[in-house]
Every structure is written in structure tokens, then in C-alpha cells.
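The values are calculated or read from the model by the stated rules, or taken from the named source; none is laboratory data. Just so it is clear, the structure is predicted and the values come from calculations on it, not from any experiment. Here the Cβ positions follow ideal geometry from the backbone for every residue, glycine too, while neighbour counts run over all protein chains shown. The accessibility values were calculated without ligands, DNA or RNA, using every heavy atom of the protein model including side chains. Shrake-Rupley method; radii C 1.70, N 1.55, O 1.52, S 1.80 Å.
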There are 2 protein chains.
Amino acid sequence: MSGRYGRGPRWWDSNLRKHSCRITMPRQVILDVLSNEEQHLSAEDVFLKVHKKYPDIGLTTVYRTLNLLTQIGLVVRFDFGDGKARYELSSGPEKKGHHHHLVCTKCNRIIDYDDFIEEEEKLFGKIEKVLSEKYDFEITDHLVRFYGLCEECRSEIQESL
Amino acid sequence: MSGRYGRGPRWWDSNLRKHSCRITMPRQVILDVLSNEEQHLSAEDVFLKVHKKYPDIGLTTVYRTLNLLTQIGLVVRFDFGDGKARYELSSGPEKKGHHHHLVCTKCNRIIDYDDFIEEEEKLFGKIEKVLSEKYDFEITDHLVRFYGLCEECRSEIQESL
DNA sequence: TTTGATAATGAAAATCATTTTCAATAAATT
DNA sequence: AATTTATTGAAAATGATTTTCATTATCAAA
């Protein structure tokens, strides 16, 4: 509810307008939170951060906004299998760019990496080409994730022996 | 509830015993369903198939059993982001072996592929090695998924223009 | 700038997949 | 066959997310 959001226009305004979405305070605040955050936040994480400064913004709106932003492509949604979805800004000046994940199966820590080895990027292009032809499938994106144990969890296990 | 399962012992019996799990009828039936199925079934899918022949087996047991089987490694669980988990036999004579997925973002169809191009397998070994060292992370598994539009959905879109 | 149409919001209720509880039952060991 | 204890099913509980609906704010037009 209420008022206008303090700071000036943002780079995503045009993005919202393009999709004929109104530029509202909750949307601005939620995008601000996302753009100041390097981690993958759940809807509730976003809500809590938003709530500190703007207690009037409800959880429902956070969900609705995250869905909207995902649909128009400003945000990417990940499911890491712990029951709650995570969201991350996908484009714009603060964007992270394409990256892959390391997921610790013990503590659920997620490490992003985008320092691909040279062959990695080249090969994905090639794989996508081969697969599109073989399966008549138009590939638009890919997801790569490595599962295992992070250093901390490994040492915990060591100690308990 | 009730009775004993008709057919003789199965290859997974030893697997269950190893983990001191009892070999019960619901478990046998659920494993039979999974081993006769090439698709990725949701818990409810499994329940419905099981229910046809054994209406006494409840949905709760299906969930519990799928969790158990996942824990002992007989089953792999996937989250494709549509809100329900999918399960698939991971080992044994009928097993599928490691594979990757093509996911249609329109109709949610999932295509499995395991006819990797030569470089693909080689490269993943290499990437895993580099990452384990760089991030001090012990990699045990990986997940690769390509998103896009399957042929049918593409032609639907064509027609609607 | 004010106005008006309508998109967006918040609170509460509804959903939906999955988990927990608990008393009854069946599997394995004796 | 008897005993122990894991497993089961039904119903209730949970937790994330969505829907409903009356109210409010945004933006385009006057």
C-alpha cells in the first residue's frame, strides 16, 4: 500500500513498462532487495528483508511479484529440492550472468561458479546443436548442477569418526 | 495390509535386507511398478498404478516407501519445478543408467537421453576434477538439463500465428 | 492537475503435495 | 506358534504457494 518509493527511476522500469506492468512500490522494493543480494533467496527470505523497511508489504505480494518477474524474465527461479523455490535477478547491470551450481547434499549450501573452463562453453554449444537436431527440440537454456559435499561438511564427518 | 506378494523374490530384496528393511507387500508392489515403467512417475502416479491392483495400499505408504527407497539409493528423485517430485529406479537389472534431460517449458514433456557425444563424458570428468579442487568440494553426482520447446509445442505455436 | 478505469494490493481462506500421528497389523526371529 | 518391533493406513497436520475479494494506488486521458 501507500506512498511512492523514495529513490529515482531504475533500469528495470522500462522492462516493466514493456510488459504493461505498473511500477509500484512493492515491485520497486522487491527488485531493490534482489539486486542487492548475491544469494538465492526464497520468497520468505525476500519477504523478511522487505518487511524490515516496509512492513506493509505482504507475503502474498512477494509471491505474486516474484512470479511476475519470473514470467517477464527479470528473475530466474531455481528448485533445489528443499521444498522452497529460490529466486535470483537474471539481467540488468547488477546481473549475475549465466552460471552453474555446486550443491552440498548435507548442508544445502550452494556455490555459484561462472569461471568455466574453455572447453566447457564450447562443448555446451555443440551438445545443444546435436540434441536440437536429434530430438527436434529448440533449446533455449540449460541447467547444470554438481552435487556433493562441501569442505565444511567433509571435515565435520571426519571429526565424528 | 494383508497377505504376501504373489511372485518370488526379486533382485532388490538383498538391497532392502542390507539396510534392515522388511520385505513387505507394498514395497514389492511399488518396486514392481517402478521397474515396469520408463517414465518419471510422481508419487500420485505410482499410487494410482499400485491402487489398480492393490487398493489397500495407501498414498501415505507410497510416499514413505519412495522416501525410503531414495534414501537407500534404489530410487532417484527429480524436481522438475512443477510442484511434484518424480521418481525413477536408479539401479538393478532394469535400471536406466545415468542420463540427462530435455524439458519442454510449454508442455513439461521430459525426454531422457544417454547417447552422449564422446566429448561430453570426457569433459564432465574434467570439469568435476577442476571444480573439486578449486572449491574444495567432493562431487558425487551431477544434473544436466536442457530447457526449450519440443517439436509438438513448436508446431502448435506455428499454427496459432 | 484532477479524474476515472482498472491493475495491484493485503488479509484471510483455499489448495496441494507431502509429512506426522497413532492405533492396528504383519514380518522376521525365537 | 509366540514375541518383538517395523510397517501400515486413515485422518489430521504441515508448509509453501495460490486464490478470492474488497480496498487502494497507478497511469493515461481530459
Any cysteine of chain B lacking a neighbouring Cys Cβ under 4.7 Å - listed by number
B:CYS21, B:CYS107, B:CYS153
I'm checking a number: the convex hull volume of the Cα atoms of segment A:20-161, normalised per residue, in Å³. What is it?
172 Å³
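Based on the alpha-carbon gyration tensor of segment A:1-92 and its eigenvalue square roots a ≥ b ≥ c, which shape applies: rounded if a/c is under 1.5, prolate if not and a/b is larger than b/c, or oblate? Kindly include the intermediate steps, with their values, before the conclusion.
Numbers: a/c = 1.72, a/b = 1.22, b/c = 1.41.
Oblate.
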Residues B:THR60 and A:SER155, FRET efficiency given R0 of 35 Å [Cβ-Cβ distance, rounded to 0.05]
0.40
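Which value, in debye to the nearest 20, describes the size of the charge dipole of the protein assembly as shown about its Cα centre when Lys and Arg Cβ atoms bear +1, Asp and Glu Cβ atoms bear -1, and nothing else is charged?
Working: 48 positive and 54 negative charges, 307 e Å.
Dipole magnitude for the protein assembly as shown comes out near 1480 debye.
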Averaged over B:70-79, number of beta-carbon atoms from partner chains that fall within 10 Å
1
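Run the numbers on chain B and let me know its relative contact order in percent, using alpha-carbon pairs under 8 Å that are six or more apart. Mind showing how you got there, number by number?
Numbers: 146 pairs, mean separation 25.8, N = 161.
RCO, chain B: 16 percent.
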Farthest towards the positive end of the dipole of chain A, among A:ILE110, A:GLY81, A:ILE23 and with Cβ unit charges of +1 on Lys and Arg and -1 on Asp and Glu, lies the Cα of A:ILE23
In whole Å, what are the Cα extents of the protein assembly as shown along the three principal axes, biggest one first?
73, 60, 45
For A:ARG64 the rounded accessible area (nearest 10 Å², probe 1.4 Å, non-protein molecules ignored) is 150 Å²
Computed over the Cα atoms of segment A:117-161, what is the ratio Rg over Rh, Rh following Kirkwood?
1.32
Per residue of chain A, what 222 nm ellipticity follows from adding -39500 (n - 2.57) for every DSSP H run with n ≥ 4, rounded to the nearest 500?
-13000 deg cm²/dmol
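Can you give me the relative contact order of segment A:1-92 as a percent, contacts being Cα pairs under 8 Å and 6 or more apart?
On the way: 90 pairs, mean separation 24.9, N = 92.
Across segment A:1-92, relative contact order equals 27 percent.
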Plugging the Kirkwood radius over Cα pairs into Stokes-Einstein for segment B:56-140, at a temperature of 10 °C and a viscosity of 1.306 mPa s, what D comes out in µm²/s?
101 µm²/s
From the Cα centre of segment B:51-77 to that of segment B:8-31, the distance in Å is 12 Å
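Run the dipole for segment B:42-161 about the Cα centre, Lys and Arg Cβ at +1, Asp and Glu Cβ at -1, nothing else charged, and hand back the magnitude in debye, nearest 20. Walk me through the numbers on the way to the answer.
On the way: 17 positive and 23 negative charges, 108 e Å.
Using only the charged Cβ atoms, the result is roughly 520 debye.
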Spacing of the two label points (7 Å from each Cα toward its C-beta) at B:ASP82 and A:HIS51, in nm
3.3 nm
When only DSSP loop residues count, what GluC sites (Glu not before Pro) in segment B:53-119 have their Cβ near at most 15 other Cβ atoms within 10 Å?
B:GLU94
Test of understanding: extend the Cα→C-beta vector of B:ILE117 to 7 Å, then name every residue of segment A:140-161 with backbone N under 20 Å from that spot.
A:140-145
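Relative contact order, percent, of segment B:98-161 when contacts are C-alpha pairs under 8 Å separated by at least 6 residues? Walk me through the numbers before you get to the answer.
Details: 49 pairs, mean separation 28.2, N = 64.
The normalised contact order for segment B:98-161 reaches 44 percent.
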How much length would be gained if the chain were fully extended between A:THR105 and A:LYS129, taking 0.36 nm per residue of separation minus their Cα-Cα distance, in nm to one decimal?
5.5 nm
